[in-house]
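K.L.:
Mind having a look at this structure? Questions to follow.
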Ligand SMILES: Cc1cc2nc3c(=O)[nH]c(=O)nc-3n(C[C@H](O)[C@H](O)[C@H](O)COP(=O)(O)OP(=O)(O)OC[C@H]3O[C@@H](n4cnc5c(N)ncnc54)[C@H](O)[C@@H]3O)c2cc1C
């Protein structure tokens, strides 16, 4: 059977906007992935009206091509965070990461969204001795800062269906959800509250002119707003001179394969990753193994591309990785294989706030951890726009302008 280049998640149809010229309005939000829809949601919560959301080729967005992990922490281990930023900043960042995960959980509960949300933990698995040491060191830091974290030894990992591993770090608070269901549910809620949404609007520039922001797009010309939010993550440099000039984000291609439903239930029920997070995996609700990564084994790390064609070398690497590290009771058959474009942040932190223009804002740059960070960062952006206080760690590290 031919594998689908379409993400597994997109078997749930995407909620799309009408393909017509967007009206003028108060704030134009560019991007209908997790960042853009969340920005609309949090602004509506604050009483903002007359919001216009636009996108182009929405099915290509990373939001629908990810692995569904909602993780405590950042892309760096606690040991690396402490080494890079010092203990105080590392602790504050970890707290913030927990906070943004809980924002997702609370939004789901508040709106009663049916999004296959499960909060039963996350396992970081070492596949060599050096990583095992780093995991132990990270756990020691986490515990000393008062966070919950525990070591899982090799024997226990074998009972969870793994092999050829060292130990692991378990975080009980991390979660998973269906990204399309979450974004659709949140978007439908916003539409019910008056959000205007237009699909097929390819924005080419966002510029402040006088007391307006002009959003220029292919086919629809220039449209004027009081303010705009660039929520296009990896695509931001293609429509924003500010992003391009400062090289705030670098696009890179992530790739995922997903099996047919397995007859024997995978013993591990929660999100997990290996090799410093370079491989990441999930058991889906219908008992498929979803696994992504392997880009670090390619010559250029899949950096600098917007091409969504899966790389066969990465696909082969992922399959071999599964053969090596999972004990499966059956021959696995792969059904889906797709790619998506993420944004590596220049600073390692998301960019939240005004750009070089006080009426043009952004929320972007999650370096592979966007599910929780996009939703939580968009809330912080709404606070900034509304003049409300924000956590001091955000003011310190997440400013687009320094
Ligand atoms: C393979 C892969 C696996 C991942 N796994 C995880 C994971 O397990 N957990 C996790 O937390 N994160 C993960 N991520 C990262 C996460 O998916 C992203 O950080 C997050 O979805 C970014 O959301 P966003 O809304 O900012 O950007 P996107 O979802 O990329 O959305 C960008 C939006 O901008 C719009 N746009 C772009 N250009 C234009 C234009 N010119 N005009 C108008 N609109 C435009 C697009 O239509 C789209 O709506 C993964 C990403 C990938 C690719």
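K.L.:
For the stretch 216-229, enumerate the residues that are over 18 Å from residue 39 (Cα atoms) and either crowded, with 20+ Cβ neighbours inside 10 Å or within 22 Å of the chain's Cα centre (by Cα) (or both).
P.N.:
Passing the criteria: 217, 223.
K.L.:
Just to be sure, is residue 256 touching a helix residue (DSSP H, G or I) at 6+ places or on another chain (Cβ under 6 Å) and within 16 Å of the ligand (Cβ to nearest atom)?
P.N.:
Details: touching a helix residue (DSSP H, G or I) at 6+ places or on another chain (Cβ under 6 Å): no; within 16 Å of the ligand (Cβ to nearest atom): yes.
Spelling it out, it is not the case that residue 256 is touching a helix residue (DSSP H, G or I) at 6+ places or on another chain (Cβ under 6 Å) and within 16 Å of the ligand (Cβ to nearest atom).
K.L.:
Right, something else. Among the residues of the stretch 106-136, count how many are part of a helix (DSSP H, G or I) and in contact with a strand residue (DSSP E or B) (Cβ under 6 Å, 6 or more places away or on another chain).
P.N.:
The total comes to 1.
K.L.:
Considering each residue of the stretch 67-99, count those that are within 20 Å of residue 378 (Cβ to Cβ), at pLDDT 95 or above and either surrounded by fewer than 17 Cβ atoms within 10 Å (Cβ to Cβ) or touching a strand residue (DSSP E or B) at 6+ places or on another chain (Cβ under 9 Å) (or both), and give that number.
P.N.:
So the count comes out to 7.
K.L.:
Can you pull out every residue in the stretch 58-70 that is in contact with a helix residue (DSSP H, G or I) (Cβ under 7 Å, 6 or more places away or on another chain) and either more than 23 Å from residue 12 (Cα to Cα) or outside any helix (DSSP H, G or I) (or both)?
P.N.:
Initially, the stretch 58-70 is screened for residues in contact with a helix residue (DSSP H, G or I) (Cβ under 7 Å, 6 or more places away or on another chain), giving 59, 62-64, 66, 68-70.
Matches in the stretch 58-70: 66, 68, 69, 70.
K.L.:
Output yes when any residue across the stretch 86-105 is farther than 20 Å from residue 373 by Cβ and assigned to a helix (DSSP H, G or I), and no when none is.
P.N.:
Initially, the stretch 86-105 is screened for residues farther than 20 Å from residue 373 by Cβ, giving 86-88.
From what's left, assigned to a helix (DSSP H, G or I): 87-88.
Yes, some residue in the stretch 86-105 is farther than 20 Å from residue 373 by Cβ and assigned to a helix (DSSP H, G or I).
K.L.:
Consider residue 306 against the criteria (1) away from the ligand (no atom under 12 Å from the Cβ); (2) in a loop (DSSP other than H, G, I, E, B): it satisfies all of them except one. Which criterion is unmet?
P.N.:
Here residue 306 clears every test but (1).
K.L.:
Next up: From 79, 114, 119, grab the single residue that is closer than 22 Å to residue 371 by Cα and either out of contact with any helix residue (DSSP H, G or I) (no Cβ under 9 Å at 6 or more places or on another chain) or away from the ligand (no atom under 16 Å from the Cβ) (or both).
P.N.:
So the residue among 79, 114, 119 that is closer than 22 Å to residue 371 by Cα and either out of contact with any helix residue (DSSP H, G or I) (no Cβ under 9 Å at 6 or more places or on another chain) or away from the ligand (no atom under 16 Å from the Cβ) (or both) is 114.
K.L.:
When you scan the stretch 137-215 for strands (runs of 3 or more DSSP E) that lie fully inside it, which ones turn up with 2 or more residues that are surrounded by 15 or more Cβ atoms within 10 Å (Cβ to Cβ), at pLDDT 95 or above and not assigned by TED's automatic domain parsing to the domain that holds residue 322? So that I can check it myself, show each step before the final result.
P.N.:
Values: elements: 150-152, 168-171, 196-198, 203-209.
Qualifying strands (runs of 3 or more DSSP E): 196-198, 203-209.
K.L.:
Of everything in the stretch 27-41, what is near the ligand (Cβ under 7 Å from one of its atoms) and either part of a loop (DSSP other than H, G, I, E, B) or surrounded by fewer than 23 Cβ atoms within 10 Å (Cβ to Cβ) (or both)? Give them in sequence order.
P.N.:
Within the stretch 27-41, 31, 32, 33 qualify.
K.L.:
Which residue, of 20, 24, is out of contact with any helix residue (DSSP H, G or I) (no Cβ under 9 Å at 6 or more places or on another chain) and within 15 Å of the ligand (Cβ to nearest atom)?
P.N.:
It is 20.
K.L.:
Based on what the data block shows, is residue 44 crowded, with 20+ Cβ neighbours inside 10 Å, touching a helix residue (DSSP H, G or I) at 6+ places or on another chain (Cβ under 8 Å) and modelled with pLDDT of 95 or more?
P.N.:
Answer is no for this residue.
K.L.:
Is it true that residue 233 is away from the ligand (no atom under 12 Å from the Cβ) and either touching a residue at least 40 places away in the same chain (Cβ under 8 Å) or not assigned by TED's automatic domain parsing to the domain that holds residue 355 (or both)?
P.N.:
Criteria not met by residue 233.
K.L.:
Can you pull out the residues in the stretch 240-296 that are part of a strand (DSSP E or B) and at positive phi?
P.N.:
293
K.L.:
Does residue 49 qualify as being in a loop (DSSP other than H, G, I, E, B) and touching a residue at least 40 places away in the same chain (Cβ under 8 Å)?
P.N.:
In short, yes.
K.L.:
Would you check if there is a residue in the stretch 62-73 being closer than 17 Å to residue 271 by Cβ, more than 9 Å from the ligand (Cβ to nearest atom) and touching a residue at least 24 places away in the same chain (Cβ under 8 Å)? Steps first, please.
P.N.:
Taking the stretch 62-73 as the starting set, the residues that turn out to be closer than 17 Å to residue 271 by Cβ are 62-63, 65-73.
Those left that are additionally more than 9 Å from the ligand (Cβ to nearest atom): 72-73.
Applying the additional criterion that residues be touching a residue at least 24 places away in the same chain (Cβ under 8 Å) yields 72-73.
The answer is yes; a qualifying residue exists.
The values are calculated or read from the model by the stated rules, or taken from the named source; none is laboratory data. A quick note: this is a predicted structure, and the numbers were derived from the prediction, not measured. Counting neighbours? That spans all protein chains shown, and the Cβs are built from the backbone with ideal geometry, glycine included.
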